[in-house]
1. Within the stretch 143-178, restricting attention to residues that are touching an Asp or Glu at 6+ places or on another chain (Cβ under 9 Å) and open to solvent by 80 Å² or more (accessible area, probe 1.4 Å), which residue is nearest to VAL103 (Cα to Cα)?
2. Any idea which of (1) under 23 Å from SER174 (Cα atoms); (2) open to solvent by 30 Å² or more (accessible area, probe 1.4 Å); (3) out of contact with any Gly (no Cβ under 7 Å at 6 or more places or on another chain) is the one ALA120 doesn't satisfy?
3. ASN71 - would you say it is touching a Pro at 6+ places or on another chain (Cβ under 7 Å) and polar (S, T, N, Q)?
4. Scanning for something touching a residue at least 24 places away in the same chain (Cβ under 8 Å) and touching a Phe, Trp or Tyr at 6+ places or on another chain (Cβ under 8 Å), does the stretch 33-40 turn up at least one residue?
5. Any idea which residue in the stretch 126-136 is farthest from VAL103 (Cα to Cα), counting only those that are open to solvent by less than 60 Å² (accessible area, probe 1.4 Å) and not basic (Lys, Arg)?
6. Any residue at all in the stretch 106-127 that is under 30 Å from VAL47 (Cβ atoms) and not hydrophobic (A, V, I, L, M, F, W, C)?
7. Does ASP122 meet the test of being closer than 25 Å to GLY87 by Cα and acidic (Asp, Glu)?
Amino acid sequence: LYWDATNNRLGIGTSAPSRLLHLSSSAGTFLRMDTGDVGADNFSIGVNTNGWSVYNETDTSYSLVVDGSGNLGIGTTSPSQKLHVEGGQILSKNASGDASMKVWAGGTSDPRLQFTVDGATDYVIGLDNSDSDALKFCRSSSVGTSTQMTIDSSGNVGIGSSSPNGKLNVSNGSLSLT
């Protein structure tokens, strides 16, 4: 513990504090926040080899990491992009909360974008794992249900068909070219 009376700075683990409070440790520096309630989530914030982190002390996992490149990781300690989310979905809602877009990453489910407006039918664009990863546009909340258009692995396009049998297959309707 070091007090720099000239600059009114406190150093913990350093004798040359450069800020009002300067924490330093070769093993990483974390500040723990604890509610004192049994069973409540308790967190630490700080820096270590992962970068700047929010660490959940209760379930011993990193909730958020910002690495030296400025990549933000949620659910991962090694973000590979500017925003890297693992183990969940990303949800974006409008201010009133009646319209949303979800990004679902694969895993055991189909990777997809889901568009929702309250009181209306959902729309989904995604890869159907059960159909050779065909790209499908659906009027539902899941890929492969109420399919409106399909692009299969051969590049065949089906409108109104989930199994196109040619480069362009229009089913249950008419094709109008102008």
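The values are calculated or read from the model by the stated rules, or taken from the named source; none is laboratory data. Just so it is clear, the structure is predicted and the values come from calculations on it, not from any experiment. In this analysis, Cβ positions are derived from the backbone assuming ideal geometry, glycine residues included, and neighbour counts consider all displayed protein chains. Just the protein is used for accessible areas: all its heavy atoms, side chains included, with ligands, DNA and RNA removed. Shrake-Rupley method; radii C 1.70, N 1.55, O 1.52, S 1.80 Å.
1. Kept after step one, since they are touching an Asp or Glu at 6+ places or on another chain (Cβ under 9 Å), are these residues of the stretch 143-178: 143-144, 147, 150, 152-153, 158, 162-164.
With the extra rule that they be open to solvent by 80 Å² or more (accessible area, probe 1.4 Å), the set shrinks to 153, 163.
Numbers: SER153: 22, SER163: 25 Å.
Residue satisfying both the conditions and the ranking: SER153.
2. The one condition ALA120 does not meet is (1).
3. Working: touching a Pro at 6+ places or on another chain (Cβ under 7 Å): yes; polar (S, T, N, Q): yes.
Yes: the conditions hold for ASN71.
4. Restricting attention to the stretch 33-40, the residues satisfying the condition of being touching a residue at least 24 places away in the same chain (Cβ under 8 Å) are none.
Scanning the stretch 33-40 turns up no residue that is touching a residue at least 24 places away in the same chain (Cβ under 8 Å) and touching a Phe, Trp or Tyr at 6+ places or on another chain (Cβ under 8 Å).
5. Keep residues of the stretch 126-136 that are open to solvent by less than 60 Å² (accessible area, probe 1.4 Å), which gives 126, 128, 131, 134-136.
Imposing the further condition that a residue be not basic (Lys, Arg) reduces the set to 126, 128, 131, 134-135.
Values: GLY126: 10, ASP128: 15, ASP131: 20, ALA134: 18, LEU135: 15 Å.
Looking at the filtered set, the residue picked out is ASP131.
6. Just the residues of the stretch 106-127 that are under 30 Å from VAL47 (Cβ atoms), to begin with: none.
No, the stretch 106-127 has no match at all.
7. On the way: closer than 25 Å to GLY87 by Cα: yes; acidic (Asp, Glu): yes.
Here the answer is yes, as ASP122 does meet what is asked.
Residues checked against (1) out of contact with any strand residue (DSSP E or B) (no Cβ under 9 Å at 6 or more places or on another chain); (2) among the charged types (D, E, K, R); (3) within 29 Å of ALA105 (Cβ to Cβ):
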position	(1), (2), (3)
TRP3	no, no, no
ARG19	no, yes, no
HIS22	no, no, no
MET33	no, no, no
VAL54	no, no, yes
THR60	yes, no, yes
